[in-house]
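The values are calculated or read from the model by the stated rules, or taken from the named source; none is laboratory data. As the structure is a prediction and not an experimental result, all values here were calculated from the model. For neighbour counting, all protein chains shown are included, and Cβ atoms are generated from backbone atoms with ideal geometry for every residue, glycine included.
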Amino acid sequence: MKIRRTASLTFLGFLALASLHAESPASLALNTPTTEGAEKRFAPNSAQVTVARDNTAVLPAWRMTILPGTEKYPGVALKPETGSAWDLSAYGHVEATVVNTGDAVTTVSLRLDNDGAWPNRATNSESIHLKPGASGVVKVYFGYSYGKPAPLKPDAIVQLLLFTGASDKPQTIRIESLIAAGTTGEKPAIDPRSIRIKPKGGILLGDGVTIDPAKQLERRGGAQAAFLSTPAPALQLTFPKSSTQASVTFRPEIGCWDLRDSLSLVLTVRNNGDKPVTPGFHAESRTGETDHIVSAPIPPGATQEVVIPYISARIWNGDKTCGNHLTNDAVSGVTISVLAAEGPVSLVVESILARAPLPAALPEWLGQRPPVEGDWVQTFNDDFSGTTVDLKKWNVTGPNYWDKKSHWSPSNVTVSDGLIHMRYEKKTGFHNDDPREKKSDYTGGYLDTYGKWVQRYGYFEARFKLPKAPGLWPAFWLMPDRGVGSQEQSKRQDTADGGMEFDIFEHLTRWGDYRTNIAMHWDGYGKGHQATGSDKIYFSPDKDGYVTAGLLWTPGVAAYYINGREVLRFENPRVASVPADIMFTVPTGGWDNDPLDDAQLPAEWVIDYVRVWQRKDLGSPVDGPQKQPSE
């Protein structure tokens with residue numbers, strides 16, 4: 001039997017693909033509002049969510065109602081009506097047609113899942129933002145998440161999820177259709193906003209650069225702007241008298257600038273007027289802006305250099321207004337305004353350069369003691385001065401919950417020249433070199449002190465040189481460890497009941513040399529999961545290319561340092577009170593990474609030392625080396 005359908009026939013009854021011959025329909029309904037009781041196939045993930053038939057529109061649909069509550073991603077799951085999985089390999093994507101019938105802006109996300117335990121389950125996702133009353137189609141292409149390649153087996157889709165984000169207002173979404181459509185192997189169209197332009201030599205404006213004023217100059221409040229091509233490329237800006245609302249934003253011709261090789265923008269500005277002027281400057285991205293920089297007054301005819309740092313003057317402390325907000329690989333504009341002037345203003349912006357940082361200047365205490373005063377004693381030190389890993393301190397095998405591509409091998413952790421080398425390479429083998437474990441094509445190193453050394457509170461510091469190959473995810477972190485023989489590992493390392501995951505330095509190599517993530521996770525990794533931190537922590541390596549990262553952990557306080565500079569602080573009674581072990585892992589992936597490039601492998605994460613101190617008044621009997629079951 002051959003079955004033909006047109007793409008416009010959205011509300012088909014559910015058909016099991018296994019019953020189809022080689023010629024497949026142009027679209028396949030995964031659930032249909034015309035079927036009695038079809039709404040019962042949706043499984044809400046929270047009591048906040050209900051689904052009912054919606055007969056208010058011309059065509060039948062479902063209405064998903066979401067009440068305010070604690071669920072971070074309230075929504076529904078849909079599984080095949082028959083069989084354990086959908087075989088959608090004859091199609092290119094799944095799409096949902098939805099309408100925001102609520103009173104507030106909402107984000108609707110669609111996710112497709114293969115089988116498997118989280119976080120190793122293969123998933124593809126996409127989202128759309130809808131204003132009240134707006135409709136749209138959220139479309140997930142097989143093999144892509146948010147426009148980036150991501151593995152998925154279209155012949156083994158075990159469920160789809162349709163969900164929104166948390167809101168303090170009720171949300172209602174009309175679901176008009178859920179279908180598989182398109183052709184095998186199709187790819188998503190390129191969103192112009194996703195394009196990244198890497199300026200040659202970091203020059204946004206200057207020698208050799210021409211711009212399209214109509215596309216790249218945005219004027220507000222009566223400000224005027226023009227591009228001067230001679231005698232050298234520049235921007236001519238004029239601002240009306242006594243207008244604090246006037247500004248000019250210089251943008252890329254398309255997409256965003258990729259400035260991940262820099263930590264600041266440097267503008268050369270000339271006052272072409274006859275009165276002093278005080279300009280203001282900031283850079284922006286979709287995630288937020290830099291601090292607004294106010295220059296010193298520029299005298300008539302004078303030229304001044306202005307620096308816009310990506311690093312905020314106020315470190316992240318849990319307040320949304322603090323910390324760094326600019327994403328340096330997605331800079332969408334540079335804005336110039338006038339804050340003080342005597343009369344109309346004429347400025348010439350002669351150049352805008354993305355500048356790489358100078359090597360970090362290191363404080364004298366770094367590596368020698370904690371960053372604050374107190375009665376401290378060193379409790380752990382490994383300078384890797386021998387030729388083998390000290391197995392009384394470290395494990396070189398362990399679990400891999402984070403990476404579907406890789407396995408660990410003790411042979412990929414070596415010691416030489418006062419350094420420990422964690423090597424990542426393309427090499428087929430078994431996890432932990434155990435033939436009973438999974439087999440994969442990429443091998444990495446693993447290091448932790450689980451069951452051998454723990455400490456509650458103190459200052460934890462490591463110095464290391466990061467790998468450069470794209471797609472890697474090196475992390476220096478702490479996990480709870482309640483003690484040898486106390487209970488099975490899942491309970492012993494549970495981040496609930498006073499436990500916490502401390503991500504002291506969690507780096508995605510796609511971000512380049514100057515940006516990392518710092519985070520804390522607690523209350524498990526299920527529905528009750530809590531997390532905070534920032535993925536826009538900027539830093540500069542030292543003169544030898546090394547980074548020194550540290551955590552000062554005291555009751556109710558977690559303060560993070562990079563190269564001796566405090567970069568993030570979290571003060572909260574929920575800061576961990578359970579002892580922790582030290583971990584170094586180099587899986588692949590993460591939430592914002594590039595695919596692996598075999599041509600750039602092998603790669604190494606090189607660690608110079610690991611040191612820990614304890615304040616004497618915070619010490620406890622659990623601190624230090626752990627008694628082994630055989631002892």
(request) State which residue is nearest to the chain's Cα centre (by Cα) when the search covers only the range 368-392 and only residues that are buried (at least 16 other Cβ atoms within 10 Å of the Cβ) and either hydrophobic (A, V, I, L, M, F, W, C) or under 18 Å from Phe464 (Cα atoms) (or both). (result) Pro370
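Quick one: which strands (runs of 3 or more DSSP E) sit completely within the range 506-602 and have at least 3 residues that are of a type in the set (Val, Ile, Thr)?
Working: elements: 515-522, 530-538, 547-554, 557-562, 565-571, 580-585.
Per the criteria, 547-554.
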(request) May I ask you to list the residues in the range 470-500 that are in contact with a Phe, Trp or Tyr (Cβ under 9 Å, 6 or more places away or on another chain) and buried (at least 20 other Cβ atoms within 10 Å of the Cβ)? (result) Leu472, Trp473, Pro474, Ala475, Phe476, Trp477, Leu478, Met479, Asp481, Thr495, Gly499, Met500
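Check the range 244-253 and report whether any residue there is surrounded by 19 or more Cβ atoms within 10 Å (Cβ to Cβ), touching a residue at least 40 places away in the same chain (Cβ under 8 Å) and among the basic types (Lys, Arg).
Here is the first cut: in the range 244-253, the residues surrounded by 19 or more Cβ atoms within 10 Å (Cβ to Cβ) are 246-252.
Filter once more, keeping what is touching a residue at least 40 places away in the same chain (Cβ under 8 Å): 246-252.
Filter once more, keeping what is among the basic types (Lys, Arg): 251.
Within the range 244-253 (the criterion being surrounded by 19 or more Cβ atoms within 10 Å (Cβ to Cβ), touching a residue at least 40 places away in the same chain (Cβ under 8 Å) and among the basic types (Lys, Arg)), the answer is yes, since at least one residue qualifies.
Taking Pro276 as the residue in question, decide whether it is surrounded by fewer than 20 Cβ atoms within 10 Å (Cβ to Cβ), closer than 22 Å to Arg196 by Cβ, in the same structural domain as Glu342 (by TED's automatic domain parsing) and in contact with a strand residue (DSSP E or B) (Cβ under 7 Å, 6 or more places away or on another chain). Walk me through how you get there before you give the answer.
On the way: surrounded by fewer than 20 Cβ atoms within 10 Å (Cβ to Cβ): yes; closer than 22 Å to Arg196 by Cβ: no; in the same structural domain as Glu342 (by TED's automatic domain parsing): yes; in contact with a strand residue (DSSP E or B) (Cβ under 7 Å, 6 or more places away or on another chain): yes.
No, not satisfied.
Checking the structure you have, find out if any residue of the range 409-424 is over 23 Å from Asp390 (Cα atoms) and touching a residue at least 60 places away in the same chain (Cβ under 8 Å).
From the range 409-424, those over 23 Å from Asp390 (Cα atoms) are none; that's our starting set.
There is no residue in the range 409-424 that is over 23 Å from Asp390 (Cα atoms) and touching a residue at least 60 places away in the same chain (Cβ under 8 Å).
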(request) Could you check how many residues of the range 584-595 are in contact with a Ser or Thr (Cβ under 8 Å, 6 or more places away or on another chain) and either crowded, with 21+ Cβ neighbours inside 10 Å or outside the structural domain of Lys468 (by TED's automatic domain parsing) (or both)? (result) 2
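Looking at Gly333, Gly343 in this structure, which one is of a type in the set (Gly, Ala, Ser), touching a residue at least 12 places away in the same chain (Cβ under 8 Å) and not in a strand (DSSP E or B)? Give the steps one after another, and end with the answer.
Details: Gly333 fails: not in a strand (DSSP E or B).
None of the other options fit; the residue is Gly343.
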(request) List the strands (runs of 3 or more DSSP E) that sit entirely inside the range 159-278 and contain at least 2 residues that are of a type in the set (Gly, Ala, Ser). (result) 171-181, 224-228
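Just to verify a result, which residue in the range 596-631, among those that are of a type in the set (Lys, Arg) and under 16 Å from Leu552 (Cβ atoms), is surrounded by the most Cβ atoms within 10 Å (Cβ to Cβ)? Spell out how you get there, then give the answer.
First, pick out the residues of the range 596-631 that are of a type in the set (Lys, Arg): 611, 615-616, 627.
Those left that are additionally under 16 Å from Leu552 (Cβ atoms): 611, 615-616.
Values: Arg611: 21, Arg615: 18, Lys616: 9.
Looking at residues that are of a type in the set (Lys, Arg) and under 16 Å from Leu552 (Cβ atoms), I get Arg611.
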(message) Could you go through the range 21-43 and let me know if any residue there is modelled with pLDDT of 90 or more, within 30 Å of Thr532 (Cβ to Cβ) and not hydrophobic (A, V, I, L, M, F, W, C).
(response) no
(request) Could you tell me whether Thr397 is under 28 Å from Gly499 (Cα atoms) and either in contact (Cβ under 8 Å) with a residue 12 or more places away in the chain or surrounded by fewer than 18 Cβ atoms within 10 Å (Cβ to Cβ) (or both)? (result) yes
